[in-house]
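These notes concern the structure reproduced below.
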Amino acid sequence: MPTFYEFFAGGGMVRAGLGQAWKCLFANDIDPKKAASYRANWGDDVLKVEDVRKLTAADLPGQADLAWASFPCQDLSLAGNHAGLDGERSGTFWPFWNLIGALVREGRAPKQVVLENVCGAITSHGGRDFAAICGALLEGGYRYGALVIDAIHFVPQSRPRLFIVAVRACSPVPAALIGAGPSPLWHPRSLVRAYGGLPDALKEGWVWWGLPMPPRREVRLRDLLEEQPLGVEWHTPQETRELLRMMSPVNRKKVELAKRMGRRIIGTVYRRTRSDGNGGRLQRAEVRFDDVSGCLRTPVGGSSRQIVIVVEGDHVRSRLLSPREAARLMGLPDTYRLPSRYNEAYHLLADGVVVPVVRFLAQQLLEPLLACDTETGAEREAA
C-alpha cells in the first residue's frame, strides 16, 4: 500500500482523493478549526497541529512514497499582495522544503512530491518564484514537471490549479507518461512561457507529463443544488432586487434572456469591485448561466461569497450557496462532516483541493510511477 505525508492538510481533501488504497503516515496543518474537521473525518492518529516552521524530520515517521503540499496561495494569487514566496503565507513553502531536504539527507526522501497552488504561482515575480521552486526540486534530487488542471473537467466548478509533480531523479519513468512536448489541455501558454524562461540547468530536470483526456463530466451545477438547503436562507425580494441593481447592463441582459427561456434557469453570482469608468471603483454583481459555478474563494480579504440565482419567467430568487452544496462542488460526498458555522465550512472548502482532480492525478500519474518504481526495484533485487 503506497504511503503519503499530507502537508497544509486542511480538511483532508487530498486524503479523500487518494482514497483507501493509500495510507497516510502524517498530516499537518496550523489551523485548529481545519484540524477539527480533519479529526472529525479521519481521526487524529496521524495529525499534528503545528506551524510547519516548527516541525523537524523527527516528526515524520517512516519513508513515505509521496509528500503532498498544498501550501498557502495568498501571496501568489492575483488578489494577493504579490509578495510571492517571500510572503508570510506562501513563503511557508521553504520550511516545508527544508523538511524534505532533511529527509533526503537521512535517506528517507519521498519518491514523489506534489505541490499544488493557484496559477498565479506560474507568473509570480515574473516567473522567478516558479524558477525558485524548480531549482529547489532539482537541488533536492528530483525531476519535475507541471500541469494546470481545471476542476471543471470533473465537477461543475471553474477552478484551474497548478500541480507540480516531482519524482526522484533515480526513479524510472515509463515513456507512456512523458509527452513529446506541452499539451494545450494541461500546459497553457503561461506555463510554456515559464518553462521557456527557466535557466538551461533547470530545463534539464523538466518532464512534460503526459495525461490522457479527462472523462466526460456528467454532473451539472443544478444536480448539486437543493431547494431547501441547510445553513442558508433565500433572500428577501428586496435583497434580490438590490443584487440585480448592482449588475452592469451586460449582466442584467443575461438575466432578461434567462427570463425568456420559458423554463427554470439556475446561475451563480459573485460581487466584484470594478472600475466605474470615471476613475472610481464600485461593486458589481456578475452572473453566469452556463451551469457551472465560479471558483470557490475563501470569504476573507474582501472576497465575496458565491450566490445562487434562480430565474423562472419573471420570478427571480437568490441566496448564498450552502456549505453542503460547496462541498459537492469540491467533489466531497455528503457523508463528509462539515463545520457547523457557515464561514468556517466555506473557508475550509474554498481552501481545499477538488477530490476528483486528486484521484485523476493519482490514477493517471502517481500510481503508475510508483508501480514502475516497485517493479524496477524488484528486478534489481532478483538480479
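We did not get these values from a lab; they are worked out from the coordinates using the rules stated. A quick note: this is a predicted structure, and the numbers were derived from the prediction, not measured. All Cβ positions, even for glycine, are placed from backbone atoms using ideal geometry, and neighbour counts span all protein chains on display.
Quick one: pull the percentage of alpha-carbon pairs in the chain with a separation above 37 Å. Pairs farther apart than 37 Å: 24 percent.
Relative to the longest principal axis of the Cα atoms of the chain, the long axis of helix 128-139 makes an angle of roughly 30 degrees. Between ILE30 and GLU50, the built amide H atoms are under 5 Å apart, and every one of these is 5 or more places off in sequence or on another chain. Residue ranges 39-45, 118-124 sort as 118-124, 39-45 when ordered by packing (mean number of other C-beta atoms within 10 Å per residue, highest first). Legend: Rg and Dmax of the range 221-349, from Cα coordinates, 15.0, 50 Å.
The residue among GLN112, LEU221, LEU55 whose Cα reaches farthest toward the positive pole of the charge dipole of the chain, with charges on the beta-carbon of Lys, Arg, Asp and Glu, is LEU221. Dipole check for the chain: with +1 at the C-beta of Lys and Arg, -1 at the C-beta of Asp and Glu, and the Cα centre as origin, the magnitude is about 1440 Debye.
Against the chain, whose longest principal axis comes from its Cα atoms, helix 32-42 is set at around 80 degrees.
Computed from phi, the 3J(HN,Hα) profile of the range 49-54 under the Karplus parametrisation 6.51, -1.76, 1.60 (θ = phi - 60°) reads 8, 6, 5, 4, 5, 9 Hz, with x in place of Gly and Pro.
With runs of 4+ DSSP H residues as the only contributors, calculate the mean residue ellipticity of the chain at 222 nm using -39,500 (n - 2.57) per run, divided by the residue total and rounded to the nearest 500.
Helices in the chain give a 222 nm mean residue ellipticity of -9000 deg cm²/dmol.
The relative contact order of the range 99-150 comes to 22 percent, based on Cα pairs under 8 Å that sit 6 or more residues apart.
Each Cα pair under 8 Å and six or more residues apart adds its separation to the average, and for the chain the resulting relative contact order is 16 percent.
Helix 367-382 versus the longest principal axis of the chain: what angle, 0 to 90°, nearest 10, using Cα atoms? Its long axis makes an angle of about 10 degrees.
Placing unit charges on the Cβ atoms only, positive for Lys and Arg and negative for Asp and Glu, gives the range 221-349 a dipole magnitude near 420 debye about its Cα centre.
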